[in-house]
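What follows is a set of notes on a single structure, which appears directly below.
Where a number appears in this text, it was derived from the coordinates with a stated rule and is not lab data. Fair warning: this is a prediction, and the values are worked out from it, not measured in the lab. Cβ placement follows ideal geometry from the backbone for every residue including glycine, while neighbour counts extend to all protein chains displayed.
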Amino acid sequence: MPVSEGMIAGLIDLNRADDEGLAAQLTGQLRSLIASGRLGKGHALPSSRRLAGDLGVSRNTVTYAFEQLAAEGYLEASHGRRPVVTIDGGERIEGVRTVASSPRSVRPRLSPWASKLKQTDWPMSYLAPLRPLRPGHGDAREFPKEIWGRCLRRSAVGAARRELGPVNRPRLREALAHYLATSRGVRATADQILILPSAQAALTLIAAAVITPGDEVWVEDPGYPGAAAAFRASGARVTGIKLDEQGMQRIADLATPTLIFMTPSHQHPTGRLMSLARRTEFLRASRPGKTWIVEDDYDGEFHYDSRPVPALQGLDAHGRVLYVGTFSKAMISDIRLGYLVVPPALVSTLEIAQRHIGLIAASHIQEALAEFIADGHFLAHLRRMRRLYHARRDHLVEGLERHLGEVLTVEVPSGGIQLVARLKRGRADQAAVKRLMEAGVVTRAISSLALGKPRDHGLLLGFAAWRESEISAAVRTMASCF
C-alpha cells in the first residue's frame, strides 16, 4: 500500500533522550524505509517544512537528513522541489546491495571515545547553510585567489623535486614564528610550531596527549562546543566556568584542573576581551607542568578599535600555555590549515602523537602558504580585510539599532568577525533562530552553546562574510520576523 505524504511522519520514531542526535536518527530511519521498500522509487517525500512541522523538529534537522540521503544516492533533491526516492528496496547503490533494517535495528558496539563524541555533538546551527548572517566565516569572495593559485602551482611543481620531508614544513614554521611574534606577541621558536589540518585537530591532539580519563577540565560557559567535545571524548570531566565582562572568571582555587580552555582575546561567543590583569592572574595561579592552559586565538587577526592585547602565551614564562590558531578565518576555510604552538617540554611528545594519529596537513599546501606569507601577500590581505570587516561591523550595528532597536541590544565587539545581539523582554533565542532560519537568515542561539542550563541568551550574528547590501537585506528580513 503506498504511503501518503501525511503518513510518513507516523513511520518515524524520534527519541530526544537518545545519545544519537535527531538528525542522525531521522536519516537512518528514512534510509531504512527506502531500503525496505516502504518508500518506493519515485515516491515524493514531504517538503522539509511540512515534515519538520509533523515531527516537531527544526527544519534544519530535516534538511540535513535529505541532503545526506541525496549524497548517498537514495534521494534526488533540488531547490524548490520535494525530494524523490531514486531506488527500489534491494537495488544496488554503487555496487553494494542495500540491506533493509528496521528503525530499531541493533546498534554497533562503540568505543567509549566514540560514544562520548555522540553525546557531545555540536549544535545543529553549525550545519546550517552559508547564508547571511551565519557567524564564523570570512568572505572567501575577497580572497586573492589568483595569487594563491600561483603559489599552489609553484608548490606542486616543486613537489616533484622534493623528497618526503618533515610533516611540519620548516619554511612555514619559520614564517609563522616570525608572524606570530610580531603580530600577537607569541614567544616561540620555529620547532615549537606544529602544522595541523585545523584548529579542531589541535584540540584533539592536546586532549590525546595530556588528558587522562577522569581529569578535570575547565571551559568557558557559554563557549566553543568543539573544545568540550574533544576533551569529553578523552574521558575528561568538563566543567563550565561562568563569564563576566572580562570573559572567563578566575576561580580562587586552581589546584583541581588538569587543563583550562579559554578564548581570551575574543571570547567565543560573546566577544569579550580578557584584561591583561585577568590573564596574569590565571598564569600566576596555574601550576607549572600540571595545569595546562589552552589559548584559542581563533580570530585574533581582526581588531578594529584599538591595538590588540598580546596573546596570553607571550606572557607565559613557565611553559604552561598551548596556543591554537587557524587560517580559516583570515584566508578561506577550504585551506584546512591550523597550527599549535607547544611549550618546549611537550614538543617531542606532541610531534610523535601528531604522526601516530595522522593529523598531518598536506605538504604542498604548507609550502604554498609559506610562500604566500614570505612574499607579503598574507599581511596585505589582512590589512585589506581589517578595513572591510570593520566597515561591515559598523554597517550591521547601525542597521540593527535603526530597525531592531526595540527588540535587540547590540554588543559591539572591538574585533572578530561576529557580534552578539541580546533579545529584550525575555524573548527566547532558540525560537528566534528557528523563525529567522525559516525566513532565510542564519544566526546562532547563544543558549545553544551553554554547557549546562543556559544562563546567556542572545543571537550570534556574522558580519565579515557578507557585503553591506546583503547585511541590509538580512536586517530588513529580521525586522519583519519580530
Which of the three applies to segment 144-376, rounded, prolate or oblate, going by the alpha-carbon gyration tensor with a ≥ b ≥ c and a/c under 1.5 meaning rounded? prolate
Residue among Val475, Val294, Val347 farthest towards the positive dipole end of the chain, charges placed on Cβ: Val475
Correct response: the longest run of the chain lacking exposed GluC sites (Glu not before Pro), defined by DSSP loop and at most 13 other Cβ within 10 Å, is 246-405
Would you order Arg402, Arg386 from fewest to most other beta-carbon atoms within 10 Å of each residue's own beta-carbon? Arg402, Arg386
Provide, for q = 0.05, 0.06, 0.09 Å⁻¹, the log10 of I(q)/I(0) from a solvent-free Debye sum over equal Cα point scatterers in the chain. -0.21, -0.30, -0.69
Just going by the charge dipole of segment 144-376, with Lys and Arg at +1 and Asp and Glu at -1 on Cβ, which of Ser155, Thr256, Ile195 is farthest out on the positive end? Ser155
May I ask which residue of Ala432, Val186, Val62 lies farthest towards the positive end of the charge dipole of the chain, with charges of +1 (Lys, Arg) and -1 (Asp, Glu) on Cβ and the Cα centre as origin? Val62
When DSSP assigns beta bridges and you keep just the ones with both residues in the chain, what percent turn out antiparallel, to the nearest 5? 65 percent
Give the angle, between 0 and 90 degrees and rounded to the nearest 10, that separates the Cα long axis of helix 276-285 from the longest principal axis of the Cα atoms of the chain. 90 degrees
How charged is the neighbourhood of Val341? Take every other residue with its Cβ under 14 Å from the Cβ of Val341, and add Lys/Arg as +1 and Asp/Glu as -1. -3
Quick check on segment 208-270: take the gyration tensor over C-alpha atoms, sort the square-rooted eigenvalues as a ≥ b ≥ c, and tell me if it's rounded (a/c under 1.5), prolate or oblate. oblate
Could you rank the peptides 266-274, 423-431, 445-453 by their average count of other C-beta atoms within 10 Å per residue, with the highest value first? 266-274, 445-453, 423-431
Check: segment 339-482 dipole with +1 on Lys, Arg Cβ and -1 on Asp, Glu Cβ, in debye: 580 debye
Segment 144-376, dipole about Cα centre (Lys/Arg Cβ +1, Asp/Glu Cβ -1), debye to the nearest 20: 400 debye
